[in-house]
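Peer 1: A single structure is presented below for examination.
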Amino acid sequence: MKKTSTQIKRRNKQRSKMVRVIGAIQSPEETISESELSKIDPYITDTELADWAQDFQQRQQDGKPFQPTEEDAIYLSIVLSDLQRNLFNGVYKTTKENPIHAMEAFVETHKRGIYPPLWVLDWLYDALEKYLTSPDKEDLAKLLKTNRGQGKTTAKNEAQMLLDESSVMQQILHPNVGGASIEKAAAIVTERYEAQNIECPSADTLAERFSKRGWGGVAKMVRKILKKPIC
């Protein structure tokens, strides 16, 4: 049996608090004893995520070479799946119900040994249930929303356009979480692109997109975890 994981140690410190379950670790494949099974805590909570985030930031700032851990990958996959849920639900109007976001969340969480989030399972359930109970002519690709019809932007191309913009938004996110205003952070990114002679929207446009497309909410959540004020 593996030694007690950092995740379990984090949980033991939170026993007296009200928590929200944000993830569940997959069942062990091998046969294990009842006593070993009783030591496994399959749930990941929001307080553990907050505790990990503070530790993660500290490890990045301590001046030592950063070495990501297996635990980092698990918690980051949970953060990513929550962002993908917001995208799938329509933070960006044009990406509402884009199946690529559900697929990415499924693949990343499963890869890390975590059950896919409920919203991803709901997406699969809706499509598979309709496919099983409908006539044979029903197209599974259409039910999964991967087939959009001729002449429409494909789900993959749409996701790639979002990925390109997200790269810029993430560059704004870092200084904003660090304490800079959205406007100041957007100006920093714009200046960086201009210095490299790379075409980029104005700072005002980037700041507006950052706020309207949900990134401001992500920054607020991370700042709350890290307790960072806005300058």
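The values are calculated or read from the model by the stated rules, or taken from the named source; none is laboratory data. Note that the coordinates shown come from a computational prediction; the quantities given were computed from them, not determined experimentally. Note that each Cβ is placed from the backbone with ideal geometry, even for glycine, and that neighbours are counted across all protein chains shown. To get the accessible areas, we keep the full protein, side chains included, count just its heavy atoms, and leave off ligands, DNA and RNA. Shrake-Rupley method; radii C 1.70, N 1.55, O 1.52, S 1.80 Å.
Peer 1: Name the residues in the stretch 117-145 that are among the charged types (D, E, K, R), in contact (Cβ under 8 Å) with a residue 12 or more places away in the chain and over 13 Å from Pro99 (Cβ atoms), would you? Give the steps one after another, and end with the answer.
Peer 2: Start the filter on the stretch 117-145 by keeping residues that are among the charged types (D, E, K, R), which leaves 122, 126, 129-130, 136-139, 142, 145.
This time we only want the ones that are in contact (Cβ under 8 Å) with a residue 12 or more places away in the chain, so: 126, 130, 145.
The answer is Lys130, and nothing else.
Peer 1: Among the residues of the stretch 18-39 satisfying the criterion of being in a loop (DSSP other than H, G, I, E, B) and touching a strand residue (DSSP E or B) at 6+ places or on another chain (Cβ under 8 Å), which is surrounded by the fewest Cβ atoms within 10 Å (Cβ to Cβ)?
Peer 2: Here the answer is Arg20.
Peer 1: Select the helices (runs of 4 or more DSSP H) contained entirely in the stretch 42-113, then report the ones holding at least 3 residues which are within 13 Å of the chain's Cα centre (by Cα) and not aromatic (Phe, Trp, Tyr).
Peer 2: Of the helices (runs of 4 or more DSSP H) lying wholly inside the stretch 42-113, those with at least 3 residues that are within 13 Å of the chain's Cα centre (by Cα) and not aromatic (Phe, Trp, Tyr) span 70-88, 99-111.
Peer 1: Sticking with this one: Could you please give the count of residues in the stretch 95-124 that are buried (at least 22 other Cβ atoms within 10 Å of the Cβ), hydroxyl-bearing (Ser, Thr, Tyr) and under 20 Å from Ala141 (Cβ atoms)?
Peer 2: Result for the stretch 95-124: 0.
Peer 1: Return the residues of the stretch 125-145 that are part of a loop (DSSP other than H, G, I, E, B) and exposed (fewer than 13 other Cβ atoms within 10 Å of the Cβ); say none if nothing qualifies.
Peer 2: Across the stretch 125-145, the qualifying residues are Ser134, Pro135, Asp136, Lys137, Asp139.
Peer 1: Among the basic types (Lys, Arg) and either part of a loop (DSSP other than H, G, I, E, B) or modelled with pLDDT of 90 or more (or both): does that describe Lys184?
Peer 2: yes
Peer 1: State whether one or more residues within the stretch 123-140 are at pLDDT 90 or above and under 18 Å from the mean Cα position of the chain (by Cα).
Peer 2: yes
Peer 1: In the stretch 146-189, what count of residues is obtained for those that are charged (D, E, K, R), more than 25 Å from Val222 (Cβ to Cβ) and open to solvent by 30 Å² or more (accessible area, probe 1.4 Å)?
Peer 2: Qualifying residue count for the region: 3.
Peer 1: Do we find that Lys224 is modelled with pLDDT under 85, exposed (fewer than 15 other Cβ atoms within 10 Å of the Cβ) and of a type outside the set (A, V, I, L, M, F, W, C) in this structure?
Peer 2: Values: modelled with pLDDT under 85: yes; exposed (fewer than 15 other Cβ atoms within 10 Å of the Cβ): yes; of a type outside the set (A, V, I, L, M, F, W, C): yes.
Yes; evaluated as a whole, the condition is true for this residue.
Peer 1: In the stretch 192-207, is there at least one residue being touching a His at 6+ places or on another chain (Cβ under 9 Å) and at pLDDT 85 or above?
Peer 2: Within the stretch 192-207, not a single residue is touching a His at 6+ places or on another chain (Cβ under 9 Å) and at pLDDT 85 or above.
Peer 1: Has the stretch 149-165 got at least one residue that is modelled with pLDDT under 85, within 14 Å of Phe210 (Cα to Cα) and either touching a Gly at 6+ places or on another chain (Cβ under 6 Å) or not hydrophobic (A, V, I, L, M, F, W, C) (or both)?
Peer 2: yes
Quick grid of which residues meet (1) closer than 27 Å to Ala73 by Cα; (2) of a type in the set (Lys, Arg):
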| position | (1), (2) |
| --- | --- |
| Lys130 | no, yes |
| Thr133 | no, no |
| Ala141 | no, no |
| Thr146 | no, no |
| Gln150 | no, no |
| Ser166 | yes, no |
| Leu173 | yes, no |
| Gly178 | yes, no |
| Ala195 | no, no |
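Peer 1: All but one of (1) modelled with pLDDT of 90 or more; (2) within 30 Å of Thr153 (Cβ to Cβ) hold for Ile44; state the number of the condition that does not hold.
Peer 2: Answer for Ile44: the failing condition is (2).
Peer 1: Further question: Taking only pairs six or more apart or across chains, which ones have beta-carbon atoms under 6 Å, a first residue in the stretch 198-227 that is touching a residue at least 12 places away in the same chain (Cβ under 8 Å), and a second residue that is part of a loop (DSSP other than H, G, I, E, B)?
Peer 2: Between residues of the stretch 198-227 that are touching a residue at least 12 places away in the same chain (Cβ under 8 Å) and residues that are part of a loop (DSSP other than H, G, I, E, B), the close pairs are Arg213/Val91; Arg213/Tyr92; Gly214/Val91.
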